[in-house]
Amino acid sequence: MHLTRRSLMASASALAVMPKFTLASEDISVLEAGPSAVSLVSSEYPDTQVWGYNGGVPGPEIRVAQGGRIQRKLVNALDQPTTIHWHGIRIDNAMDGVPGVTQEAVQPGGDFSYDFTTPDAGTYWYHSHYNTTEQISRGLYGALIVEEPNAPEVDHDITVVVDDWRLNQDAQIDPDFSQIHDWSHAGRLGNFLKATLTPALTEVKQNQRLRLRFICVATDRVMRLAMVGMQGKVVALDGMPLDTPTPAELLTLGPAQRADVIVDVTAETGGQAIIGFVGREGNIALASLDISGQASLARRPDITPLPANPIQRLSSLEGAKTVPLNMEGGAMGGLQSGTYKGKRMTTEELIQNGQIWTLNGVAGLPDEPLAEVALGETLRIPIINDTAFAHAMHMHGAHFQEVFADGSFGPLLDTILIERQETREIAFTASNPGDWVFHCHMLSHQASGMITWVKVTP
Ligand SMILES: [Cu+2]
């Protein structure tokens, strides 16, 4: 079905007769998920009909001091169920926002009160975890920033939310979210990339120091980002500080991944500092900041690591439990069969059920967990990507580390991008009891099979 202007108008007038909810935008303790219209492309195009939190896309940026408490009542003004997942936060399982696993989905007109604390500083985000390909494609996400008590000194602290929209000629969202071709390939890729800066800065000065908090909220696209007219270092990934900051030249962010970058503006007065998307078909400027003068002539001090978070890291793998995860399916994958909802099926039968991908031979959320571990136990998961596409695997409720071939451990991450035909091993020590989903954050892949879960027993 193709959405026309006429059907858009019809659905807009239908909304007018839906029950009214409190206007959430004035009450910061409420996040109201509902339809809205925003100027997404430019003033030459009509406003885009979106689904947002409190009418905005991205939703309101939530900022809290490290260790602080977040209380938000989700009010559902959509015509379908929804939930909110607080991505990357080490949270009580009951607040994790996964329908059917940690809570019941919030029905239209219903609400759910989230209440949790934020043990780790860093750049996180919140988003719908119900019918996610559609709900996130339509705009149900926002930034969640947990501030360090001793944050490094910068002139501007800017959140950069990068999204990939699939729009038609009228700047309206393509409403077909279940194309088998998308699901079986790299997912729903868009045709309009947009970076939203908060605050919405348009100019900076040479020699100013910026902290850029990149969040890739795209449902499926891997973002390769370059910074031009700025020079600096990556200081955190997925919220967690790096022991040794690395040069920030080209950033690769899979869906849901974040990077904190501290840069000094090197472009000269009259020039521009640019955040660009690096693509096969060419490069696109996502944000351009005019250089309005010179801040100072003094050399900035070196960029030093951010203060560490109070999170347990791996010290050894002694006594660890190992559970491999084998990814199969998709186009050019050669999958013969798989289990879906407890039934053994051929590939054709799986496709008839909208299932394209399997994890250890199972499509969709299995009844049994991938692994069961006790608190304090270390779990190793070698992930074998036996498919022709990249996958961004996200673990709820924990950050993990990559285990390299030489036995060393990588930085703490909550999402790992695994290229086609690659095998990568992750491990973490269980410290948070509950049922935690572990899924591909290419949401088209999640919807068509790539989701499992890990049980941590107290
Ligand atoms: Cu995937």
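Just so it is clear, none of the values below were taken in a lab; they were calculated from the coordinates. Quick caveat: nothing in here was measured; it's all calculated off a predicted structure. For neighbour counting, all protein chains shown are included, and Cβ atoms are generated from backbone atoms with ideal geometry for every residue, glycine included.
Estimated from the Cβ-Cβ distance and a Förster radius of 45 angstrom, the FRET efficiency linking PHE404 and GLU104 is about 0.65. Each DSSP beta bridge with both residues in the chain is either parallel or antiparallel, and the antiparallel ones are about 75%.
Considering only Cα-Cα distances, which of the following residue pairs are longer than 29 Å: LYS233/LYS455; LYS205/LYS233; LYS73/LYS321; LYS73/LYS341; LYS73/LYS343?
Details: LYS233/LYS455 36 Å; LYS205/LYS233 19 Å; LYS73/LYS321 38 Å; LYS73/LYS341 33 Å; LYS73/LYS343 38 Å.
The pairs that break the limit, which is 29 Å between Cα atoms, are LYS233/LYS455; LYS73/LYS321; LYS73/LYS341; LYS73/LYS343.
Listed from fewest to most Cβ neighbours within 10 Å, the set VAL278, VAL362 follows the order VAL278, VAL362. The distance between label points at HIS181 and VAL41 comes to 2.0 nm (points 7 Å beyond Cα on the Cα→Cβ vector). Remark: the GLU281-THR322 segment gains 10.6 nm on full extension, using 0.36 nm per residue and subtracting the alpha carbon distance. Sorting the segments 170-176, 30-36 by their mean number of nearby beta carbons within 10 angstrom, highest to lowest, gives 30-36, 170-176. For a label point 7 Å from the Cα of THR269 along Cα→C-beta, name the residues of segment 189-207 whose backbone N is under 13 Å from it. Taking a point 7 Å out along Cα→Cβ of THR269, the residues of segment 189-207 whose backbone N falls under 13 Å are 205-207. Taking a ≥ b ≥ c as the square roots of the eigenvalues of the alpha-carbon gyration tensor, segment 15-158 is classed oblate because a/c is 1.5 or more while a/b is no larger than b/c.
Taking a sphere under 15 Å around the Cβ of VAL64 and counting the other residues whose Cβ falls inside, with K and R at +1 and D and E at -1, yields a net charge of -1. Sorting the segments 233-243, 373-383, 403-413 by their residues' average number of neighbouring beta-carbon atoms within 10 angstrom, most packed first, yields 233-243, 373-383, 403-413. Backbone amide hydrogens, once placed in the peptide plane, bring GLY232 within less than 5 Å of ALA248, ASP264, excluding anything fewer than 5 places away on its chain. Once you have a ≥ b ≥ c as the square roots of the Cα gyration tensor eigenvalues for segment 52-96, tell me rounded if a/c is under 1.5, and otherwise prolate or oblate according to whether a/b is larger than b/c. Since a/c reaches 1.5 but b/c is at least a/b, the shape of segment 52-96 is classed as oblate. Beta bridges from DSSP with both residues in segment 318-386: antiparallel share about 55 percent, rounded to the nearest 5.
Rounded to the nearest 500, what is the chain's calculated 222 nm mean residue ellipticity when only DSSP H runs of at least 4 contribute -39500 (n - 2.57) each, over all residues?
-2000 deg cm²/dmol
Taking the Cβ of each residue in TRP453, TRP125 as the centre, tally the other Cβ atoms inside 10 Å and list the residues starting with the fewest. List each step's numbers first, then the result.
Values: TRP453 22, TRP125 27.
With the fewest neighbours first, TRP453, TRP125 line up as TRP453, TRP125.
Here the chain has an Rg and Dmax of 21.7, 69 Å, counting Cα atoms alone. Restricting the calculation to Cα atoms, segment 284-341 shows an Rg/Rh of 1.26 when the hydrodynamic-style radius is the Kirkwood one. Charged neighbours of PHE404, selected by a Cβ distance under 14 Å, balance to -2 (K, R count +1; D, E count -1). With the convex hull constructed from alpha-carbon coordinates only, segment 193-351 shows a mean projected area of 14.6 nm² over all directions. Over the chain, Cα pairs under 8 Å with separation of 6+ residues give a relative contact order of 13 percent.
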